[in-house]
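Here the structure comes first, spelled out in structure tokens, and everything after it is commentary.
The values are calculated or read from the model by the stated rules, or taken from the named source; none is laboratory data. Keep in mind that what you see is a predicted model, and the values were worked out from it rather than measured. Don't worry about glycine lacking a Cβ; one is built from the backbone with ideal geometry, like all the others, and counts go over all protein chains shown. All accessible areas refer to the heavy atoms of the entire protein, side chains included, with ligands and DNA or RNA removed. Shrake-Rupley method; radii C 1.70, N 1.55, O 1.52, S 1.80 Å.
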Amino acid sequence: MKNRHLLGLVLALALTGLAVFGYKVMVLGFPMAPEQVADTWTIEAAVSFDGGPGSVRATLFVPTLMPGYALLEENFISRGFGFSTQLAPGGREAEWTVRRAPGRQVLYYRAVVYRDALRRGEDTAPEFPPPPVLDEPFATAMRVLVDDARERSADSVSLAAALIRRLNEPVPDQNAELFRSSARTDTELAQTISTLLAGARIPARVVRGVLLQDQARDAAIVPWLELYDGNEWVFLNPRTGERNLPPNYLAWWRGARPLLHVEGGSNAAVNLSVRRNPVDAMLLAEGRADQRGSRLVEFSPLALPVQTQAVYSFLLLIPVGALVIGILRNVIGFKTFGTFMPVLIALAFKETQLLAGLILFTLIVSLGLLVRFYLEHLRLLLVPRLSAVLIVVVLLMLAVSILAHRLGFETGLSVALFPMVILAMTIERMSIVWEERGAGEAIQQGLGSLAVASLAYLVMGITLVQHLVFVFPELLLLILAAMLLLGRYTGYRLLELRRFRAFADDRSRS
Amino acid sequence: MMTLWRQLRRQGVLGLNARNGEFILPTNDRRHYPLVDDKLRTKALASQAGMPVPELYGVIETEHDIGRLGVMLEPYETFVIKPAQGSGGDGIIVVVGRTRRRELTFRQVSGALITLADLQHHVSNMLNGQFSLGGHPDRAMVEYCVGFDPVFENISHEGVPDIRVIVYRGVPVMAMVRLPTRQSGGKANLHQGAVGAGVDMPTGRTLSGVIGNEVIDEHPDTGMPIAGIAVPQWDVILASSARAADITGLGYLGVDMVLDRKHGPLMLELNARPGLNIQLANRRGLRLRLEQVDRALAGRGDVTARVAFAREHFAHEPQG
């Protein structure tokens, strides 16, 4: 009964922790490892035109459906223009309007996108397109091409591939040539293919986008072919018929219409530039959480002032140290001075580094012990004696710092980070154990404490551990669950096996 | 290692985690702890119940009282000073004589001399909680120094041998005799180097012993065989142990008794978290016996019935 209650609690804690952790990793994309860099891409469209005498209306397609990419932020920069965005066939349009705009006008659209493999293209099923109405000889040529392709294919994708290959042959036959000659550019070719596919009653359209390459000014618009295979939209290379989409392809808009359309102006031009910005994966994840309206980040240590964050990046490690201690004491069977003394020492080691920390700790405790033994002769009452040891510890720390600084060992300065009260208590307890149980026991327990502290330090020093508890404090629920389980662990401690080893050969003796 | 684990498991050896988690936590109500953690309260309780305890000579509660320590000790040649809430025998001073040279000096059982001033400082440390669990302010008690029964004379080195009985749900389940050695400085504490010798529950005869974790057959200082000595008044010891469980309400309890030459078995102190070395001394695991008590629900009977149960079931037989 009690066990079931405990198991339920442990399970609930662990699942809650894992669920929040999973959500933050899988959906919000919080990095599992520290100092991960994620790429974001800034795409800038500079729209320019000469304003005419009357009102001007400039419409620019802006990205909406970007398979493999997600929008982090976008800005529209213009001065004195009315501005709106709306959904249009083929994508989303930004529209700038102004009553009078003399001279050369420049407007900017800037978007920051990041790779998000979970983003899919559109998944709505389109209707079957009407067969295109073409003049002769195009209508007959189309029929021949489509029929030929259909014979050599199994489904709509392979039909489209066959069609594309036919049109792209180095020396096309006359039917293909007929269409080839009217399609000079890649875009026109893709457009033609989608028309032919409509003849085969296959929904297809041209996607236009840019290749995300670093420092691309004047990035070219690359057309791609998108067709619906009855299940989902698939991408085809309009030159080779291969079914793929380059991973750095950012779909911008769809259809035959141009990127920019200006009414009432002339010499319209649009220049696309692409820039890669490596960004701390953490920042990206925060932005993403923000965008999704997730309040998880607001209620995490990341929302605190930086100084407080630094404190918590420290404090959140204490449970990890406590877990190490719990295991070392209750499963292995180590003995230490004070339950959590080793964790605090380990925290201090984080600043001093291990070796220097061990030396400094041993130094202070040994000197403190000497003083404590001397004080014993003076027969002081307990509390003043403890205070005296504490004062001596502080003075010793100061002396070590000054001496180390003089000698140029800057690590000696970090001795100030040792928890002095804990040191004083350790000295007191060690001296009592020394007197009551002998030097051997005292030194053994002291070394045990140092060993445990070092181990806790090593575990708390793993950068991955530091990163995980700080970015995912919910993992502390897992540690809590582990602790609860440990609290019901009634098996042997490993060192007890040694202690009771006389039982091993007992059968033969008695 | 797993073989060792399984061997211990099969023989019912109780580990610390299991002792705490499976026996102490469920059966020892925390509110009963002060009764055993404070030896003065234990003593009062036992006296009320008519159980023999060492006579209390006096209690020192304040720094001011320390001044009259000399006067308090005046009538007694031998005495023991101990912290009321001490643990593990820490802080106990056994005085067996006095010399008056330049200043009043006492001779301890170990032969070391201690001046009254040193003694007063020691008592002051006791009051300040140096020896108590958690460093709480404490009281010092001065009591009768047991003139121990010569039965263990050959197998102990100075000091007072005592008898530890583990009582579970009112039933004495295991016992050992603790024999001081030179190494333990006259103290009967196993972790200080005393010998622990198991006791056969039905007969009260000693078995072989252990020092630390090592099994021995002879006392290291006297060289005499440890096994085969009949503990006098064994039935009284078992009955008192069973009674002790009743007066404290603790389900899992260690009872420490001494054999006094004049007064017979006296109860020294009780322990709510008795150590596990008794298993080594007896070379038997506690768990099997504890579970036997659980099954029999013997805790319900009166003292005689429970002692009878223990004598019937917990004989030290060769293990099969």
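Things worth noting here:
- Cβ-Cβ under 7 Å pairs, at least 6 apart or on other chains, segment B:30-50 side without any contact (Cβ under 8 Å) to a residue 12 or more places away in the chain, far side outside any helix (DSSP H, G or I) and surrounded by 14 or more Cβ atoms within 10 Å (Cβ to Cβ): B:47/B:53
- Residue in segment B:124-133 that is nearest to residue B:39 (Cα to Cα), counting only those that are within 11 Å of chain A (Cβ to nearest Cβ) and either outside any loop (DSSP other than H, G, I, E, B) or open to solvent by 20 Å² or more (accessible area, probe 1.4 Å) (or both): B:132
- Residue in segment B:134-145 that is assigned to a loop (DSSP other than H, G, I, E, B), more than 11 Å from chain A (Cβ to nearest Cβ) and either open to solvent by less than 40 Å² (accessible area, probe 1.4 Å) or in contact with a Cys (Cβ under 8 Å, 6 or more places away or on another chain) (or both) present: yes
- Filtered by the rule that a residue be open to solvent by less than 40 Å² (accessible area, probe 1.4 Å) and more than 26 Å from the chain's Cα centre (by Cα), segment A:9-22 gives a lone residue, A:10.
- Within segment B:100-109, being open to solvent by 50 Å² or more (accessible area, probe 1.4 Å) and either within 13 Å of another protein chain (Cβ to nearest Cβ) or under 17 Å from residue B:77 (Cβ atoms) (or both) holds for B:100, B:101, B:107.
- The set of residues from segment B:260-270 being in contact with a helix residue (DSSP H, G or I) (Cβ under 9 Å, 6 or more places away or on another chain) and open to solvent by 10 Å² or more (accessible area, probe 1.4 Å) comprises B:261, B:268, B:269.
- Some residue of segment A:264-284 being touching a Lys or Arg at 6+ places or on another chain (Cβ under 7 Å) and at pLDDT 80 or above: yes
- Selected residue (only one of B:295, B:287, B:283 is out of contact with any strand residue (DSSP E or B) (no Cβ under 7 Å at 6 or more places or on another chain), within 14 Å of chain A (Cβ to nearest Cβ) and either more than 23 Å from residue B:31 (Cα to Cα) or without any contact (Cβ under 8 Å) to a residue 24 or more places away in the chain (or both)): B:287
- Of residues in segment A:318-348 being surrounded by fewer than 21 Cβ atoms within 10 Å (Cβ to Cβ) and assigned to a loop (DSSP other than H, G, I, E, B), the one farthest from the other protein chains (Cβ to nearest Cβ): A:340
- Among the residues listed as A:410, A:435, the single one being within 13 Å of another protein chain (Cβ to nearest Cβ) and charged (D, E, K, R): A:435
- Residue match in segment A:457-471 (condition: outside any helix (DSSP H, G or I), open to solvent by 30 Å² or more (accessible area, probe 1.4 Å) and touching a residue at least 24 places away in the same chain (Cβ under 8 Å)): yes
- Residue that is nearest to residue A:437 (Cα to Cα) [pool: residues in segment B:112-128 that are without any contact (Cβ under 8 Å) to a residue 24 or more places away in the chain and not hydroxyl-bearing (Ser, Thr, Tyr)]: B:112
- Checked across segment A:268-275, the condition of being touching a residue at least 12 places away in the same chain (Cβ under 8 Å) and within 21 Å of the chain's Cα centre (by Cα) holds for at least one residue.
- So residue B:185, is it touching a helix residue (DSSP H, G or I) at 6+ places or on another chain (Cβ under 8 Å), open to solvent by 30 Å² or more (accessible area, probe 1.4 Å) and either in a strand (DSSP E or B) or modelled with pLDDT under 85 (or both): yes
- Residue tally, condition open to solvent by less than 80 Å² (accessible area, probe 1.4 Å), more than 19 Å from residue B:283 (Cα to Cα) and facing another protein chain (nearest Cβ under 10 Å), over segment B:18-41: 4
- Which listed residue, of B:274, B:220, is open to solvent by 30 Å² or more (accessible area, probe 1.4 Å) and more than 13 Å from every other protein chain (Cβ to nearest Cβ): B:220
- Candidate set from segment B:160-176 (those that are farther than 15 Å from residue B:284 by Cβ and out of contact with any helix residue (DSSP H, G or I) (no Cβ under 7 Å at 6 or more places or on another chain)); member that is least open to solvent (accessible area, probe 1.4 Å): B:162
- Considering segment A:241-260, and only residues there that are more than 22 Å from residue A:183 (Cβ to Cβ) and open to solvent by 40 Å² or more (accessible area, probe 1.4 Å), the residue that is modelled with the highest pLDDT turns out to be A:248.
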